[in-house]
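K.L.:
Input: one structure, supplied below.
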Amino acid sequence: MRKIVEKFRNLSIKRKLTISYSVIVVFPLIISLLLSNNVMTNFMLDKIADLNENSINDSSKVLNRTLDDIAFTLLNIANNSHVREILIDDNISSTQSGKIQRYEKQKKFDDIFESIPISLMTYNASITILGEKQFDYGNWEDYSSYTSSMKQSSWYKEMVRSRDMRIRWIGTRPGIGTSGGYFLEAAMPVKGNSSLARVGVVHIQINEKDVYKALSSNNGTNEIYLIQKNGDILSCKNKEEISKNLNYRLEVPKINENIKNWYIDVDRNGEKLVVNSVHIEKGNWTLVSMIPYEKLVAPLNSIRNILLFINLIFMVAFLMVALFISNIISKPIIKLGMSMKKVEKGNFSHKVEVVSEDEIGRLSRNFNNMLDKVSELLILTKEQERLKRDAEFEALQAQINPHFLFNTLSSIRWAAAANGDRKVEDMVHSLSVLLRASITNGQEMVALETEIGILKNYLDLICMKQGSSYIFECNIDDSLMKYRIPHLLLQPIVENSILHGFEGLNEQGVIRISASVEEDSLMIELTDNGRGLQGNTLENILNRESSELDNKRYYKSVGLKNIHDRIKLIYGQNYGIDICEGERNGTKVTLYLPFQKG
């Protein structure tokens, strides 16, 4: 996220405005379009699924009425007393009188079949009465040729073995004889005078094509399946699927779990379907309706494409407006940037044209004013440089040649030696050494032993000047003497000890210097036996704004302050000086410097 923000910051104003517009306007439009499409899709799916549910409910009502008519017909025939009498008295001979008797029985059956509901007859229902002795009857042609094969079927044998007198919903079976196709079948036992005696079976079959036609009359775009509870297909559009199990396409347990509830599923071929189902009480069957998801959302796709096109037009229009506005805003900034580049190359006469009174216009006007002031400052600076060069030239003319001064001091020293004045000779020699040390010749860093030599010459000169003596003890290992430190770093500290620490001292002054290395730091300690800090701290001593130190009542802070600042400037904030009381009164000044081996 941080990298993205950094990249955004480095973009031009024009691109920032364009991207900001896209984030604020275009992205919300796209998100709203997607959300509205999702909401609309779900809404339409609910509506279409409700319509599909109503349609399959209508189909289930048609099927239930048909099954009710079948059940009514079976009950009406099976419980008819004339049918029972005919089947009980089933001793018909092959004589002429027997033929007359069979004809009379058939005539009675014709009268009974006239009570079949008209709605059932629209399916061309085939009714067969199978007697357990000799007499069989049917309302369809050549029924007598197939009654024996019907009695060999599994459903008939199961009814004969069972004492159950209920209606058997057999399901769908291939047609008998040359009729072909599939038929939806049901049967019911005909009981005799005894409640457990069976004298025959009433069998009804209707053409599956007629059943599917009635079921699909209200479902033009749907696929309708009539299945058993285990998934075996009883009726469908593709007759080759009949007697197969619907599991080959959808999960039947999932269908049974969602009875009366629509859901979306994907079949074995990867096709997305909206599935509705309703339970058929008679037969314990399930009526299933499937409609391809793509067919449902096809109208929605057209609406979505139209909305997308309209939104695209709006986004392009908004983008053009945003580019126009961003160009108006960024153009003056670009011109200002070009002027700044020319100024950077030294052209201070190129000003920016002010075309507005907004923030950019005020910035351009301020830039022009700055150019005027810079031009004036350049003229003033050139004049000051000229005056400075003149002053330096005059100073050089008045400067005494250091070599002339050294030669003069050398002549004085030799004159003193010639006259036998040893004291003057030593003072002049010490002064010459200090004078040469103060002239660095561009060398800011010197060896520690050089600094020690400067201290010794300074102390010799002070002793000859004041007529007193000081003890100077140096305890530094030879391996550290070659280490280079800033020039004239130690002399101001010794000077402070002599001028202020030894003032009014009743004993001989002692100055000790030592050096040690701890980890990566070189510590140089200078201690004296003077008056000590007398309650002052490092912060007070180094504070140049302290009234006590400005009045020079004890420590002269300017020299120590300069040393502290020089060390920090050269080596960093982790280094500097520290001041504290010595072991035997006096003062201890510690310098902390970085140490590098080699």
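The values are calculated or read from the model by the stated rules, or taken from the named source; none is laboratory data. Being a predicted model, the structure only gives us computed values, none of them experimental. Reconstructed Cβ throughout: ideal geometry from the backbone, glycine too, with neighbour counts over all protein chains shown. When the accessible area is computed, the model is the full protein with side chains, heavy atoms only, and any ligands, DNA or RNA have been set aside. Shrake-Rupley method; radii C 1.70, N 1.55, O 1.52, S 1.80 Å.
K.L.:
Residue 342 versus residue 585, label points 7 Å from Cα toward the beta carbon: distance in nm?
P.N.:
With each label placed 7 Å out from Cα toward Cβ, I get 7.7 nm.
K.L.:
Under the rule of at least 5 residues apart or a separate chain, name every residue whose amide H is placed under 5 Å from the amide H of residue 285.
P.N.:
It is 280, by chain and number.
K.L.:
May I ask you to compute the full-extension gain from residue 484 to residue 302, defined as 0.36 nm times their residue separation minus their alpha-carbon distance, rounded to one decimal in nm?
P.N.:
56.9 nm
K.L.:
How large is ³J(HN,Hα) for each residue in the stretch 236-248, as worked out from phi by the Karplus curve 6.51 cos²θ - 1.76 cosθ + 1.60 (θ = phi - 60°), to whole Hz, x for Gly and Pro?
P.N.:
Listing the rounded values in order: 6, 6, 8, 5, 5, 7, 5, 6, 7, 9, 5, 4, 5 Hz.
K.L.:
Then there is this: How much length, in nm to one decimal, is gained on full extension between residue 449 and residue 237, taken as 0.36 nm per residue of separation minus their Cα-Cα distance?
P.N.:
65.0 nm
K.L.:
With every protein chain left in place, what is the accessible area of residue 271 in Å² (1.4 Å probe, nearest 10)?
P.N.:
70 Å²
K.L.:
Order 520, 210, 265 by their accessible area, 1.4 angstrom probe, all chains in place, largest first.
P.N.:
520, 210, 265
K.L.:
Let a ≥ b ≥ c be the square roots of the eigenvalues of the Cα gyration tensor of the stretch 243-290; is it rounded (a/c under 1.5), or, if not, prolate (a/b larger than b/c) or oblate?
P.N.:
oblate
K.L.:
For 236, 463, give me the order by solvent-accessible area with a 1.4 Å probe, most accessible first, ignoring ligands, DNA and RNA.
P.N.:
463, 236
K.L.:
Can you give the local net charge around residue 368? Use residues other than it whose beta-carbon is closer than 14 angstrom to its beta-carbon, Lys and Arg +1, Asp and Glu -1.
P.N.:
Net charge around residue 368: +3.
K.L.:
A follow-up question, please. What ³J(HN,Hα) values, in whole Hz, does the Karplus curve 6.51 cos²θ - 1.76 cosθ + 1.60 give for the stretch 53-64 when θ = phi - 60°, with x put for Gly and Pro?
P.N.:
Values per residue, Gly and Pro as x: 5, 4, 5, 5, 5, 5, 5, 5, 5, 4, 5, 4 Hz.
K.L.:
Non-local amide H neighbours of residue 190 (under 5 Å, H modeled in plane, Pro and chain starts lacking H): which ones?
P.N.:
199, 200, 201, 202
K.L.:
Heavy atoms only, 1.4 Å probe, whole protein assembly: order 514, 479 by accessible area, highest first.
P.N.:
479, 514
K.L.:
Right, next: What figure, in Å² to the nearest 10, do you get for the accessible area of residue 354 with a 1.4 Å probe and non-protein molecules left out?
P.N.:
50 Å²
K.L.:
Okay, next question. Under a crude label model (7 Å from the Cα following the beta-carbon direction), how far is residue 7 from residue 293 in nanometres?
P.N.:
3.5 nm
K.L.:
Follow-up. Please list the non-local residues whose amide H lies under 5 Å from the amide H of residue 244, H modeled 1.01 Å from N, same-chain partners needing a gap of 5 or more.
P.N.:
Those lying under 5 Å, H to H, from residue 244 are 233.
K.L.:
Would you calculate the separation in nanometres between label points at residue 514 and residue 319, each defined as 7 Å from the Cα along the Cα-to-beta-carbon direction?
P.N.:
8.0 nm
K.L.:
Check cross-link reach from residue 341 to the lysines: straight Cα distance under 30 Å, and skip same-chain residues fewer than eight apart.
P.N.:
Counting by Cα, and skipping residues close in sequence, residue 341 has these lysines nearby: 3, 7, 14, 16, 331, 351, 373, 382.
K.L.:
What's the ranking of 72-84, 561-573 by average number of surrounding C-beta atoms within 10 Å, highest first?
P.N.:
72-84, 561-573
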